[in-house]
Amino acid sequence: MASADQESRTDSDARLIYDGQCPLCRSFVSRYGLSEGRLELVDARHHPEEVRRLERLGCRLDEGMVLELGDERYHGDQAVRMAALAGRGRGPLSRGMLWWLSSRRRARLSYPLLKAVRRVMLKGLGVGPIRP
């Protein structure tokens, strides 16, 4: 018998659950080739069941996107780092950003700034936190 967590999952090997109303998150997903291949993109704003499932597992989506690769789950700076390792930058700036985020240390040090920029952008757009 499948658990509640398994019931809400699909057959995809890789899933990125992110904030689809965040321009920074959308840019990261589209600019770095993350929509290509076998990666399922899940906009948390349209899937409250995913938000609830991830919160039960200790992952708050307002604190960072989540990347699920098979049985592994990465949250926040770890998710961005793993996604950067799999991404394909278009142009020197994009490739440079992927290179920067592909380092565990650089991703960890940069992530608080990325979260702060996200919060400012969402506040400026009048968008509230992600709620299940």
Given segment 64-132 reduced to its alpha-carbon atoms as identical point scatterers, what log10 I(q)/I(0) does the Debye formula return at q = 0.17, 0.27 Å⁻¹?
-> -0.71, -1.14
Enumerate cysteines in the chain without a disulfide-compatible partner, where compatibility requires another Cys Cβ under 4.7 angstrom.
-> C59
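Just the number: Rg to Rh for the chain, Cα atoms, Kirkwood Rh, two decimals.
Working: Rg = 14.3 Å, Rh = 15.0 Å.
My calculation puts Rg/Rh at 0.95.
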Span from the segment 86-132 Cα centroid across to the segment 52-78 one, whole angstrom | 15
Under a point spin-label approximation (7 Å from Cα along Cα-to-Cβ), what is the R131-S94 distance to one decimal in nm?
-> 3.6
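At R0 = 35 Å, how high is the FRET efficiency between E40 and L109 if r is their beta carbon distance? Nearest 0.05 is fine.
Values: r = 29 Å, r/R0 = 0.83.
So the FRET efficiency works out to roughly 0.75.
Nothing charged except the Cβ atoms of Lys and Arg (+1) and of Asp and Glu (-1): what's the magnitude of the dipole of segment 28-132 about its Cα centre? Round to the nearest 20 debye. Don't skip to the end; give the middle numbers.
Working: 21 positive and 12 negative charges, 103 e Å.
Computed about the Cα centre, the dipole is about 500 debye.
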Hey, if you drop one equal point scatterer on each alpha-carbon of segment 23-93 and run the Debye formula without solvent, what base-10 log of I(q)/I(0) do you get at q = 0.22 Å⁻¹?
-> -1.05
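Just from its helices, what would the mean residue ellipticity at 222 nm be for the chain, if runs of 4 or more DSSP H residues each count -39500 (n - 2.57) and the sum is divided by every residue, rounded to the nearest 500 deg cm²/dmol? Mind showing how you got there, number by number?
Working: 6 runs with 64 residues, N = 132.
Dividing the helical sum by the residues of the chain leaves -14500 deg cm²/dmol.
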Name the residue farthest towards the positive end of the dipole of the chain from the options S110, L16, V80, assuming +1 on Cβ of Lys and Arg, -1 on Cβ of Asp and Glu, about the Cα centre.
-> S110
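How much length is gained on full extension from R56 to L85, taking 0.36 nm per residue of separation minus their Cα-Cα distance? Mind dumping the intermediate values first?
Details: separation 29, 0.36 × 29 = 10.44 nm, distance 2.72 nm.
Length gained, R56 through L85: 7.7 nm.
A short reminder: the numbers here are calculations on the coordinates, not readings from a lab. Quantities reported herein were computed from a predicted structural model and do not represent experimental measurements. Using ideal geometry, Cβ is built from the backbone for each residue, glycine included, and neighbour counts are taken over all protein chains shown.
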